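S.K.: Pasting a structure here, questions to come.
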Amino acid sequence: MPKRSPALEARRSELIVLLMMMEAERTGYEIRTLLQEWNIDRCLPVSPTTIYRALQRLSDEGCMTSKSRKLGRYPVSTVYAINDKGRARYKEHLLAESVFTLTAYSLDAFLGLAAFLDNKERQKIVRDWQKEAVIRIADLDARIKDTTKGPGHTYGKPFSEWLLLDHERDMLKAELVWMDKYLEIGKTKPSKT
């Protein structure tokens with residue numbers, strides 16, 4: 001797994017913390033618990049230390065307020081609440097994370113984090129991802145079809161390279177189908193039951 005930059009890690013941890021704060025004020029411990037319950041740490045791994053640093057940074061920068069709370073015999077906890085500046089930071093980070101990189105596999109995690117973006121904004125991002133995925137698939141097809149011979153190559157490339165290229169292409173094709181489904185669902189209004 002490639003090493004991520006500290007700036008990227010800080011942005012992602014802030015994004016996760018801000019998401020957790022959108023509906024209710026929370027302590028750092030409550031955020032860590034939700035990370036596990038919602039399986040966010042499966043897609044975007046963050047350590048407890050990273051969460052507490054993000055809370056402190058966001059609080060210091062005025063993106064949230066904090067107060068002390070004492071519950072029963074438990075020690076005093078700091079409870080954080082998001083404010084308008086924090087909501088703006090959430091959107092800023094989300095849009096920075098929405099850029100298509102090599103593959104679209106992280107789109108599902110992004111859409112989960114984008115729960116508080118307007119539906120039209122989420123759909124625009126998905127359409128942008130679709131365009132980039134189509135370009136990437138065309139590039140992968142060209143690389144797979146390239147039969148230039150070289151040492152240790154079979155049919156133009158080593159089997160392991162061919163296998164990885166083929167897998168990435170097929171996964172992106174599946175993502176495109178899923179994105180179409182997501183966009184179609186977004187056109188309908190939820191039924192009231």
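The values are calculated or read from the model by the stated rules, or taken from the named source; none is laboratory data. Computed from a predicted model, the values in this text were never measured in an experiment. Cβ coordinates were reconstructed from backbone atoms using ideal geometry, including for glycine residues, and neighbour counts include every protein chain displayed. Areas reflect the complete protein model, heavy atoms only, side chains present, ligands, DNA and RNA absent. Shrake-Rupley method; radii C 1.70, N 1.55, O 1.52, S 1.80 Å.
S.K.: Considering (1) modelled with pLDDT under 90; (2) open to solvent by 10 Å² or more (accessible area, probe 1.4 Å), say which one Q56 fails and leave the rest.
M.R.: (1)
S.K.: Moving on. I135: open to solvent by 90 Å² or more (accessible area, probe 1.4 Å) and either outside any helix (DSSP H, G or I) or modelled with pLDDT under 85 (or both), yes or no?
M.R.: No: the conditions fail for I135.
S.K.: Can you say whether L176 is open to solvent by less than 60 Å² (accessible area, probe 1.4 Å), more than 25 Å from M21 (Cα to Cα) and either in a loop (DSSP other than H, G, I, E, B) or modelled with pLDDT of 80 or more (or both), as far as the supplied structure shows?
M.R.: Considered against the rule, which asks whether it is open to solvent by less than 60 Å² (accessible area, probe 1.4 Å), more than 25 Å from M21 (Cα to Cα) and either in a loop (DSSP other than H, G, I, E, B) or modelled with pLDDT of 80 or more (or both), L176 comes out as yes.
S.K.: Can you pull out the residues in region 2-32 that are closer than 17 Å to L95 by Cβ and either at pLDDT below 75 or open to solvent by 50 Å² or more (accessible area, probe 1.4 Å) (or both)?
M.R.: The answer is A7, R11, R12.
S.K.: Does region 33-46 contain at least one residue that is at pLDDT 90 or above and open to solvent by 70 Å² or more (accessible area, probe 1.4 Å)?
M.R.: No.
S.K.: Something else: Among the candidates F159, F116, F110, single out the residue that is at pLDDT below 85 and open to solvent by less than 40 Å² (accessible area, probe 1.4 Å).
M.R.: From the options F159, F116, F110, the qualifying one is F110.
S.K.: Okay, next question. Could you list, ordered by first residue, the pairs with Cβ atoms under 8 Å in which the first is in region 70-93 and surrounded by 10 or more Cβ atoms within 10 Å (Cβ to Cβ) and the second is assigned to a loop (DSSP other than H, G, I, E, B) and among the basic types (K, R), at least 6 apart or interchain?
M.R.: Pairs that qualify, where the first residue is surrounded by 10 or more Cβ atoms within 10 Å (Cβ to Cβ) and the partner is assigned to a loop (DSSP other than H, G, I, E, B) and among the basic types (K, R), are S77/K70.
S.K.: Output the residue which, of all residues in region 50-69 that are in contact (Cβ under 8 Å) with a residue 40 or more places away in the chain and touching a Gly at 6+ places or on another chain (Cβ under 7 Å), is farthest from E132 (Cα to Cα). Can you show your working first?
M.R.: Taking region 50-69 first, the residues in contact (Cβ under 8 Å) with a residue 40 or more places away in the chain are 50, 53-54, 57-58, 63-64, 69.
Keeping just the survivors that are touching a Gly at 6+ places or on another chain (Cβ under 7 Å) gives 58, 63-64.
Numbers: L58: 32, C63: 33, M64: 35 Å.
If we take residues in region 50-69 being in contact (Cβ under 8 Å) with a residue 40 or more places away in the chain and touching a Gly at 6+ places or on another chain (Cβ under 7 Å), then M64 is farthest from E132 (Cα to Cα).
S.K.: Would you mention how many residues in region 122-132 are farther than 11 Å from S98 by Cα and either open to solvent by less than 60 Å² (accessible area, probe 1.4 Å) or in contact with a Gly (Cβ under 7 Å, 6 or more places away or on another chain) (or both)?
M.R.: 2
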